[in-house]
Amino acid sequence: MTIIKNCLFEKILKRHKQLIGGVKDITTQKEMGVLGKIQTTALKLCLFTADFKCEHKDCDVKKDLTLHHLILRNTKEFMDFKRYLAARNYWNNQIILCRKHHCKIHRVPDNKLMLTIDKAKINAIKKEFKGGEK
Ligand SMILES: [Zn+2]
Ligand SMILES: [Zn+2]
């Protein structure tokens, strides 16, 4: 991991933490919108930290990138739901993996069902960070 010196990163991190801090049970449309913002800010922070490539130590693939959550979905069954939402969606709970390595972690064959992050979205985020360089 590289040392992060990007003022945009700091700004997004601050916003992300504020949103996470205010997380509620997702029952209304408005709260769904907040969750969307949490996920968008997390994705930006994760992609930047990962240098827009797979974070597996033996890999630097830049295509077919996916987002893996370290706290798995089955945690929901025994956790307070708000706590679960906050923990699962916190940016440091997520890592960028290429599809091959993500499938490997979940012990499933490499397959196209594994949702990849939209290429145009990744490029837009990359561009956004370029503007934040100092
Ligand atoms: Zn996963
Ligand atoms: Zn990989």
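The values are calculated or read from the model by the stated rules, or taken from the named source; none is laboratory data. Model, not experiment: these values are computed from the prediction. Reconstructed Cβ throughout: ideal geometry from the backbone, glycine too, with neighbour counts over all protein chains shown.
When segment 21-63 is filtered for residues that are outside any loop (DSSP other than H, G, I, E, B), modelled with pLDDT of 95 or more and either touching a Phe, Trp or Tyr at 6+ places or on another chain (Cβ under 9 Å) or closer than 19 Å to residue 10 by Cβ (or both), the ones remaining, listed by number, are 37, 38, 40, 41, 42, 43, 44, 45, 46, 47, 48, 49.
Scanning segment 89-121 for residues that are buried (at least 19 other Cβ atoms within 10 Å of the Cβ) and under 15 Å from the mean Cα position of the chain (by Cα) yields 89, 90, 91, 94, 95, 96, 97, 98, 99, 102.
Test residue 66 against the stated conditions and say whether it is in a helix (DSSP H, G or I), surrounded by 15 or more Cβ atoms within 10 Å (Cβ to Cβ) and hydroxyl-bearing (Ser, Thr, Tyr).
Working: in a helix (DSSP H, G or I): no; surrounded by 15 or more Cβ atoms within 10 Å (Cβ to Cβ): yes; hydroxyl-bearing (Ser, Thr, Tyr): yes.
No; evaluated as a whole, the condition is false for this residue.
If you take the residues in segment 14-33 that are under 15 Å from the mean Cα position of the chain (by Cα) and under 13 Å from residue 89 (Cα atoms), which one is surrounded by the most Cβ atoms within 10 Å (Cβ to Cβ)? The qualifying residue surrounded by the most Cβ atoms within 10 Å (Cβ to Cβ) is 16. Does residue 117 qualify as being of a type in the set (Val, Ile, Thr), part of a loop (DSSP other than H, G, I, E, B) and touching a strand residue (DSSP E or B) at 6+ places or on another chain (Cβ under 9 Å)? Here the answer is yes, as residue 117 does meet what is asked.
Among the residues of segment 112-126, those identified as modelled with pLDDT under 95 and not charged (D, E, K, R) are 113, 114, 115.
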